[in-house]
Amino acid sequence: MEAGAVMSWVLSAVMQTGLPTSVTNATDENNSSSLEQGSEQTVHFFRELLPGWVPPWTIQLALAILVLILAWYGSKRLVELLGRRVARQFRRPSVSRAVLRTIRAIVMFFALLIAAGFLGVGLDNIFLSVTVLTAAVAVVISPILGGFVSGLFVLTDQSYEIGDMIEIVDTDEGTRGFVEDITFQYTKIFTLDNTFLVIPNGTIRERDVINYSAEDPRTRLSLDILVTYEGDLDVARDLIERSARDVDSVIRGGPDIRIGSARYPAAPTCYINEFADNGVLLTLRYWVKEPYKLLTVRSGVQENVWEAFDGAGLEFPYPHTHVVFDEDDDPRFRDGGRDPGNAGGPGGLQ
């Protein structure tokens, strides 16, 4: 339904450009000849105004360039006039920009047809040349068409929008940043490292995309902490929860946060996860207000936990090995303390 609305807007915008009927119906044979006749009459008019020593081809070239320049600035002005109206109609910046780009492309397309008419190129020859050229370079332009189709899917699926913070999951390390622009061919992202990234839409559709801003910017983080069996679990859990609440970006409490049909406590909560070999594994679940500085928030929580445990005398267990020396299993101390490997010892060979 949205795609149909887009097409209706494009058609209405083209009608508002005020282009001649012969241009808008250029595919018709009669209108094609009318356009050629109009171009010839325009060139003839300027030839009469200019001195005779001016070559006709310069007039044709100048008129063609003038048409393209006027179309360029005219389409830009048209986009400015229709921008707010299109934005109110679709309410999605990515779709609005795509519609405005399409309108401008249509205006420039008709301007190219008019410019070609001034240069003496008939519309029939243009369409025939385009058909032959398209068939010849079909293999070359197929990736472009594939990217265009991928862009349509990205715009219609609404997996992310301009201004959203997303993460593109890679095999090595995910790319995280803010969506700056979405076109039919690519998506522009400003990463958190202040770099500008342009990714083809076909590549994005083949990867997993995490959207941190789609519905609710609040993000839940988890932190595993191992404490010794000798420590007080109640005190440890209380200190861990308090350490998370002391960080500014952490949600301290409030109504439960709903994800789907499940509800989770908004305040930091520490759970007993597992009785491990070296200690008790505790898991802290806490919510962050905004997903922009997750590593900074995690670091702040861990720093507070370290200081709280150090002040309370709680210890973090770590894997270690304790070696016990048993004399009964050592052959050197068997047979009354004689060392069979020592030939000069008691009972040994002289």
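Of all the strands (runs of 3 or more DSSP E) wholly in the stretch 163-257, which have at least 1 residues that are small (G, A, S)?
Here the list reads 175-182, 219-227.
Tally time: how many residues in the stretch 260-289 are part of a loop (DSSP other than H, G, I, E, B) and either within 28 Å of the chain's Cα centre (by Cα) or aliphatic (A, V, I, L, M) (or both)? Of the residues in the stretch 260-289, 6 are part of a loop (DSSP other than H, G, I, E, B) and either within 28 Å of the chain's Cα centre (by Cα) or aliphatic (A, V, I, L, M) (or both). Considering the stretch 248-277, the residues that are of a type in the set (D, E) and more than 22 Å from K293 (Cα to Cα) include one that is surrounded by the fewest Cβ atoms within 10 Å (Cβ to Cβ), namely D277. Answer with yes or no whether G117 is crowded, with 16+ Cβ neighbours inside 10 Å, at pLDDT 70 or above, touching a Gly at 6+ places or on another chain (Cβ under 6 Å) and in a helix (DSSP H, G or I). No, not satisfied. Being farther than 14 Å from P268 by Cβ and loosely packed, with under 14 Cβ neighbours inside 10 Å is the filter; apply it to the stretch 208-223 and report the residue that is modelled with the highest pLDDT. Filtering first and then ranking leaves D208.
The values are calculated or read from the model by the stated rules, or taken from the named source; none is laboratory data. Since this is a predicted model, take the numbers as computed values, not measurements. Cβ coordinates were reconstructed from backbone atoms using ideal geometry, including for glycine residues, and neighbour counts include every protein chain displayed.
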